[in-house]
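In what follows, a single structure is set out as structure tokens and then discussed.
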Amino acid sequence: MKSIRVILATMLSVGAVTSVVGCQTVDGTASAPSNQVSAYRAEQSSIAAVRSRAQAIALCEQAIPSMASMVREYNAFIKALNKTQSYAKVRGLDTKAREQLALGANEIRPKVTDDLPADLADSVREFLSAGASLNNLIGAKQSAQLNSVAAVWTRERQATIDLCARYIPAASTTPRSTPRKVPTSSKTAPSTSISRPSTSVPAAPS
């Protein structure tokens with residue numbers, strides 16, 4: 001019995017050695033040649049640049065006409081407010097202005113993607129934020145702050161247009177008009193043009 005155990009133990013020992021010996025390492029390294037890595041990175045950077053430019057063009061092609069519509073309705077509302085000095089007498093133009101501000105924002109916002117150039121994305125977000133503030137003021141039937149908020153909205157709008165000129169040259173020819181102002185009066189405190197002092201509410205640039 002003892003000899004049988006010795007033989008079995010020897011066989012198991014040999015099997016274990018054979019099993020270990022059968023596991024071999026693989027030659028080579030885990031790094032890729034540096035020239036291939038550089039080429040790949042350059043290719044990816046080029047692809048990202050093309051994609052970023054395409055997104056910028058898509059946003060600007062949407063934003064510029066949307067902005068023009070927003071300004072047009074805002075100016076129509078301000079013109080009526082300056083004339084009547086009363087929200088109740090503008091015949092729903094305040095509502096139309098708010099609707100267009102919201103519609104324009106909804107048309108532009110989906111174009112703000114992760115691939116958009118950072119400076120353009122930031123500019124558009126500032127414009128949309130200022131537009132939301134302007135919309136809220138109109139909704140609250142406030143006049144005292146319309147001029148100052150409209151001035152910010154106009155500034156951010158022009159900043160976006162200036163950035164768009166990098167991607168759409170025609171954008172640089174867009175008129176730098178400004179929103180009408182609400183005239184300063186004892187009733188509503190509206191003004192005429194943001195570009196120069198006036199006693200009426202400025203209209204937004206078209």
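Points worth noting:
- Residue check for Asp119: closer than 15 Å to Tyr167 by Cβ and either aliphatic (A, V, I, L, M) or assigned to a helix (DSSP H, G or I) (or both): yes
- Against the list (1) at pLDDT below 95; (2) open to solvent by 50 Å² or more (accessible area, probe 1.4 Å); (3) not β-branched (Val, Ile, Thr), the condition Ala165 fails is (2).
- Residues located in segment 142-166, provided they are among the hydrophobic types (A, V, I, L, M, F, W, C), in contact with a helix residue (DSSP H, G or I) (Cβ under 8 Å, 6 or more places away or on another chain) and either more than 23 Å from Leu120 (Cα to Cα) or touching a residue at least 24 places away in the same chain (Cβ under 8 Å) (or both): Leu146, Ala150, Trp153, Ala159, Ile161, Leu163, Cys164
- Residue, most open to solvent (accessible area, probe 1.4 Å), within segment 54-70, restricted to residues that are touching a helix residue (DSSP H, G or I) at 6+ places or on another chain (Cβ under 8 Å) and more than 13 Å from Leu120 (Cβ to Cβ): Ser69
- Hits in segment 100-113 - residues which are out of contact with any Gly (no Cβ under 8 Å at 6 or more places or on another chain) and either basic (Lys, Arg) or more than 17 Å from Leu163 (Cβ to Cβ) (or both): Gln100, Ala102, Leu103, Asn106, Glu107, Arg109, Pro110, Lys111
- Failed item, numbered, when Ser143 is tested on (1) among the small types (Gly, Ala, Ser); (2) closer than 17 Å to Arg98 by Cβ; (3) assigned to a helix (DSSP H, G or I); (4) open to solvent by less than 40 Å² (accessible area, probe 1.4 Å): (3)
- Of all the criteria given as (1) at pLDDT below 65; (2) open to solvent by 60 Å² or more (accessible area, probe 1.4 Å), the one not satisfied by Gly22 is (2).
- When segment 104-126 is limited to residues that are of a type in the set (A, V, I, L, M, F, W, C) and without any contact (Cβ under 8 Å) to a residue 60 or more places away in the chain, the one that is surrounded by the most Cβ atoms within 10 Å (Cβ to Cβ) turns out to be Ile108.
- Residue match in segment 80-92 (condition: of a type in the set (Lys, Arg), within 25 Å of the chain's Cα centre (by Cα) and assigned to a helix (DSSP H, G or I)): no
- Residue within segment 68-82 that is over 16 Å from Arg180 (Cβ atoms) and charged (D, E, K, R) present: no
The values are calculated or read from the model by the stated rules, or taken from the named source; none is laboratory data. Computed from a predicted model, the values in this text were never measured in an experiment. Note that we place each Cβ from the backbone using ideal geometry, even for glycine, and neighbour counts take in every protein chain shown. Note: accessible area is taken over every heavy atom of the protein model, side chains too, but ligands, DNA and RNA are not part of it. Shrake-Rupley method; radii C 1.70, N 1.55, O 1.52, S 1.80 Å.
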